[in-house]
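Report on one structure; see the data block that follows.
Please treat every number below as a calculation from the coordinates, not as lab data. Computed from a prediction, not measured in an experiment: that's the story for all the values here. Every residue, glycine as well, gets a Cβ built from its backbone with ideal geometry; the counts of neighbours run over all protein chains shown.
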Amino acid sequence: MKRSGKVYLVGAGPGDRALATLKAIDCIKEADVIVYDRLVNKDLLEYRKSSCEMIYVGKKSNKHTFTQDKINEIISDKAKEGLIVVRLKGGDPYVFGRGGEEAEILFEENIDFEVVPGISSSIGGLSYAGIPVTHRDFASSFHVVTGHAKKDSDLDINWKALSEEKGTIIFLMGIGNISFIRNMLIENGRKRDTPVAFVSWATRHNQKTVLSTLENAEEVVKSGEIEAPAIFVVGEVVKLSNKLNFFERKAMFGKTVIVTRSRKKNSELKEKIEELAGRTIELSTIDINRKEGIEEKISNLDFENYNCIAFTSHNAVEIFFEVLKERKIDIRILSNMKLASIGKATSDAIESYGIYPDIEADDFTGEGLANKIIEKLGKDGNKILFPCSEIAGNRFEDLLSISSNEVDRLEIYTNRENLAIKDELIDILKTEKIDYITFTSSSTFKNLKKILGDENMHLLDKIKKVSIGEITSNTIRKSGCKVDIQAEIPAIESLIEAIKNDINKGK
Ligand code: SAH
């Protein structure tokens, strides 16, 4: 029997990825096809499954514009093929998003659909600029109005009522029509000195709030201070922005940080920076892959034979436990082994499986971990399993092997530079203003260097280099680069603190 398709009209929220609803994320995860617009934060698309088809129907795609009819046709056709279609729109689908029209067509064509409301820029976007749309002292109503029309006369708006009302007036798509909007409000009785604000790219790292008066609104747009997409808001509530604009006061607002990451998923570092309103550019400088045949090797291990398992990277932890799970090997098989870990990131990865390391190095080095194992388990007779990267140093094994301990090195992943990003990286470094670049391990730096090539390393000169710890810093210095900032202890939290301190120093 043919599966019947379904369409979800989903609001993606105003921009900040974290403002999407749980239901929106669930729909994206489930979708066979995602049909999305320009104002949707592309990071949300990362939740899709790998087989999901993506169709961009926003404007400015190679100057090609999809007509509304064409969009409707795509959505209906895909649903009729039995697919789950997510129609992803900025803000809320029913606020000037033509969501109503699309839903009507689905109803007429007898296609199953649901609507997932989103936070509209008209309300949520303004709150990120410190503007509450209502307030007992200033406004007891708000009006969300389209400023867009082919001709001014097409705007079916009761300007008189709108101007005489004391409520907040919020115009979406109003920038191009600002002169008409301003004149109509003034002619119909709104005071010239009414406070107004423009908020562009609300809830994004590049959010900009410009405060003015109704009188001067046109000048603000003419001066180029504000660009689309922007909300134009008129009313006394705007006065609160200076007090309530929490977002633009966040610690990393206005800063751009390159995050060199190793595995595919969104990194913790990226999330933390975004929480502080910073912009991140994530670059996978490292390609981490399981070593071929490793599943067999792990399955065939004689676990009973070991009294200790040592991890020196979170990648090793994740890959090792992923394989155990895939092969349905119960983790209790490790119950007779002591777990040794290096550094907080590695321990965090271990703890995410509900088990806690018995031995942790104090100084985050392989040498430190070897000494700690000897201290805790004795000098001789230990049999240690060491799942690691193909490029893990030998210091750990060498030190332990001096006495009669045995270390079984099990290389479970490869760690290579991702040359595919070279052109993109050079382009970013040449064209964007980058404040910081973070290195969370020696290999993130070494790989970046290999990708860029010596001849392009000067492109990093003006960017502050942030290192997670002494080992990484030494690697950076050895290649002749300066380390501007080092985390106090090698952990993501500490690295973020170090950047925040640096920003504060500059204030
Ligand atoms: N459905 C959307 C609105 C779509 S109309 C919502 O509920 O937010 C598109 C207009 O919305 C833009 O021209 C702009 O005026 C406004 N807009 C949407 N997202 C915005 C953002 N992040 N910052 C400023 N304005 C935004």
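Data overview
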{"read-out": "Rough spin-label spacing in nm, given labels placed 7 Å along Cα→Cβ, for ASN158 and ILE428", "value": "5.2 nm"}
{"read-out": "Bridge type composition, the chain - antiparallel percent by DSSP, nearest 5", "value": "30 percent"}
{"read-out": "Of LYS270/LYS449; LYS222/LYS433; LYS89/LYS430; LYS344/LYS462, pairs whose Cα-Cα distance is over 28 Å", "value": "LYS89/LYS430; LYS344/LYS462"}
{"read-out": "Sum of -39500 (n - 2.57) over DSSP H runs of 4+, divided by residues of the chain (222 nm, nearest 500)", "value": "-9000 deg cm²/dmol"}
{"read-out": "Which of HIS148, HIS314, HIS205 has the fewest Cβ neighbours within 10 Å, and the rest in rising order", "value": "HIS148, HIS205, HIS314"}
{"read-out": "Relative packing of peptides 287-299, 208-220 - highest average C-beta neighbours within 10 Å first", "value": "208-220, 287-299"}
{"read-out": "Approximate spin-label separation LYS505-SER50, in nm, with each point projected 7 Å along Cα-to-Cβ", "value": "4.3 nm"}
